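Here is the structure we will look at, set down as structure tokens.
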Amino acid sequence: MTSDKIGINHLVEILLQKGIDSVVISPGSRNAPLAISFARNPSIHLYPIVDERSAAFFAMGMARELGKPVALVSTSGSAVLNYAPALAEAYYQEIPLICLTADRPAAWIDQGESQTIRQFEVFRNFILGSFQLPEVIQNEDQLWLNNRIINDAINLALGKPHGPVHINIPLSEPLYGVRESGTIQPKLMNHVKAEPLLPKSEVQELRSSWSGFTRKLLLIGRQAPDAALEQQISNLAADPSLVVLTESTSNMHSERFFPCIDKLMVSMPPDRMEAFHPQLLITIGNQVISKMVKAWLRKIPGLQHWHIDSSGKPLDTYQHLTRVYPINPKDFLQYLTESPTSSSTYRLAWEPLLRSIQQHHQNYLQQIAYSDLKVFEAITQSLPYHSVLDMANSTPVRYIQLFPFNRTIRYYGNRGTSGIDGSVSTAAGAAFVSEQLHVLITGELSFLYDSNGLWHAHHKPNFKIIVINNGGGNIFRFIEGPAQLPELEEFFEVRHDYSVEHLAKAFRFRYVAVQPEIDLKLALEQFFVPKDRPEILEIFTPPEASGSILKAYFKYLKDNRL
């Protein structure tokens, strides 16, 4: 038996035939036909989560880890709006989601009916496309239209760039009717994927231009690990005219790359800045974390910028964009492998800088008191190999950039929109569909904001959360502006004395707290020992000292520049 809504049954079958078998659903009445059809199909993996905002981030984490779309199902009304933060994040991270929202019949919109709002195209500013299914299916033409719309929506999510789509589904009462399942054979329409290639004339011009630059900078933004691309870039980095900058979320590692961008930026000698200025900037991947590198690149006169992206997005982050290559980065780099190497000392100018900051970093950490910076040093040294690390906004993702990256670890963060919401839910979703150890590092405000991310049964012992509790939004103590204002503690930092202990216990997570530095190393060692339940480690740190120590850290690097 299944729902008696034939269009819904065809929707389920089309999703399955396109490889989408994971569905996150929140309870309601208007979406009952969807719940019935999904729940009674043995090929569907259905996960109920009450809070729609958390459910959407959970689905996004699943889709990120699985590498394929996950479907979301909500009831009508304001419940739909709770999907917005996660859909926006998924849009800018290019993570595919299929958002299915049950709706009231169109006749009842704006007529005082409960749980009825204007749902169609409600997400239009941060999704790939909005679609609406026919309210009634009474003949073959209407069924053909229903299936064509579903195919178009899913194909759009699977195309380049990936991303979320919204299918709004008006449903008339009765909602709980069922019928015999029978055999359903909906029409499938698939888009053939093809990667564009450059014409020979353009390849020749590309190689000529590339060889003409003696100072080239390749900046790798956020992207998933890609061993083949990593090796290509490492081979290319043997060119003495090329410097490759990476962040943790670049997920690219090589002895020839230059990590820890912010430390490099503050350590550049002001009297020799032009020696570090590139003539050509090449960007691969999405957003970068470092505000310093953005500010630096925007000020370089005459800089040319080539952005490489399969979808052809004209991403002009640095205000120097001159070319967009709408091709796969691996194909682009392949064109350059046959280009002659430039004679240059550009890379040589950067190498002493990297050695210097590594030494000064260690010197500073040996002399400072217990603080956020010392805690992140201990965490990065303790993270188990081959784990997956989620970094919450705003301070955790920035602190991690200051420490050496472990090439066996996959690094992620919600840096599409860079909000604090959804970090717990996203990491929980990714951990649930994985067998690897998944670690979330978060501040307590971000954790508390998304505490409903624990409010479901879909957690496994491979999920561990480290909460850095410094009593407020400590980032406002070291960014420009708020730290000097009398409103800092009440309106920016939002000082408090909350602990996450009771939340951990309420949701059946193991809980451990640590305060003095002397206990931290042992606590981390024990924390990463496999347990029978997911676990939270809450580390308390001093807010005033932590902000001052981080500010002094960057001053120390500046004062000891080459």
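Output yes when any residue across the range 281-298 is of a type outside the set (Val, Ile, Thr), surrounded by fewer than 17 Cβ atoms within 10 Å (Cβ to Cβ), at pLDDT 95 or above and under 20 Å from Arg207 (Cα atoms), and no when none is. Taking every residue of the range 281-298 in turn, none turns out to be of a type outside the set (Val, Ile, Thr), surrounded by fewer than 17 Cβ atoms within 10 Å (Cβ to Cβ), at pLDDT 95 or above and under 20 Å from Arg207 (Cα atoms). Does the range 200-221 contain at least one residue that is modelled with pLDDT under 90 and in a loop (DSSP other than H, G, I, E, B)? Checked the range 200-221: no residue is modelled with pLDDT under 90 and in a loop (DSSP other than H, G, I, E, B).
Quick check: anything in the range 521-533 over 22 Å from Lys505 (Cβ atoms), touching an Asp or Glu at 6+ places or on another chain (Cβ under 6 Å) and either crowded, with 20+ Cβ neighbours inside 10 Å or modelled with pLDDT under 95 (or both)? Among the residues of the range 521-533, not one is over 22 Å from Lys505 (Cβ atoms), touching an Asp or Glu at 6+ places or on another chain (Cβ under 6 Å) and either crowded, with 20+ Cβ neighbours inside 10 Å or modelled with pLDDT under 95 (or both), which makes the answer no. Filtering the range 417-434 to residues that are part of a helix (DSSP H, G or I) and not hydrophobic (A, V, I, L, M, F, W, C) leaves Ser423, Ser425, Thr426, Gly429. Of the residues making up the range 82-118, those that are of a type in the set (A, V, I, L, M, F, W, C) and part of a loop (DSSP other than H, G, I, E, B) number 3.
Just wondering, is there one or more residues in the range 342-356 that are farther than 24 Å from Gly547 by Cβ, in contact with a helix residue (DSSP H, G or I) (Cβ under 7 Å, 6 or more places away or on another chain), in the same structural domain as Leu206 (by TED's automatic domain parsing) and not in a helix (DSSP H, G or I)? Taking every residue of the range 342-356 in turn, at least one turns out to be farther than 24 Å from Gly547 by Cβ, in contact with a helix residue (DSSP H, G or I) (Cβ under 7 Å, 6 or more places away or on another chain), in the same structural domain as Leu206 (by TED's automatic domain parsing) and not in a helix (DSSP H, G or I).
For Trp296, the conditions (1) under 30 Å from Pro196 (Cβ atoms); (2) without any contact (Cβ under 8 Å) to a residue 60 or more places away in the chain all hold with the exception of (1).
Based on this model, can you work out whether Glu230 counts as farther than 30 Å from Tyr556 by Cα and buried (at least 16 other Cβ atoms within 10 Å of the Cβ)? Judged against the criteria, Glu230 is a match.
Within the range 147-154, the presence of at least one residue that is modelled with pLDDT of 95 or more, over 30 Å from Asp331 (Cβ atoms), surrounded by fewer than 16 Cβ atoms within 10 Å (Cβ to Cβ) and not hydroxyl-bearing (Ser, Thr, Tyr) is confirmed. Restricting Ser356, Ser382, Ser394 to residues that are modelled with pLDDT under 95, more than 20 Å from the chain's Cα centre (by Cα) and either surrounded by fewer than 22 Cβ atoms within 10 Å (Cβ to Cβ) or aromatic (Phe, Trp, Tyr) (or both) narrows the list to Ser356.
Residues in the range 9-42 that are assigned to a helix (DSSP H, G or I), buried (at least 21 other Cβ atoms within 10 Å of the Cβ) and either under 31 Å from the mean Cα position of the chain (by Cα) or among the hydroxyl-bearing types (Ser, Thr, Tyr) (or both): Leu11, Val12, Ile14, Leu15, Leu34, Ala35, Ser37, Phe38.
Farther than 25 Å from Phe123 by Cβ, among the hydroxyl-bearing types (Ser, Thr, Tyr) and assigned by TED's automatic domain parsing to the domain that holds Met265: is that true of Ser181 in this structure? So Ser181 fails the test. With the requirement that a residue be closer than 19 Å to Val192 by Cβ and of a type in the set (Val, Ile, Thr), what does the range 147-164 give you? Result: Ile150, Ile154. When the range 159-185 is limited to residues that are buried (at least 21 other Cβ atoms within 10 Å of the Cβ) and more than 18 Å from Ala32 (Cβ to Cβ), the one that is modelled with the lowest pLDDT turns out to be His162. In the range 325-336, the residues that are under 16 Å from Asn286 (Cα atoms) form no Cβ pair under 8 Å with any partner that is among the β-branched types (Val, Ile, Thr) and surrounded by fewer than 18 Cβ atoms within 10 Å (Cβ to Cβ), whether six or more places apart or across chains.
The values are calculated or read from the model by the stated rules, or taken from the named source; none is laboratory data. Bear in mind the structure is a predicted one, so any value in this text is a computation, not a measurement. Neighbour counts run over all protein chains shown; Cβ positions are idealised from the backbone, glycine included.
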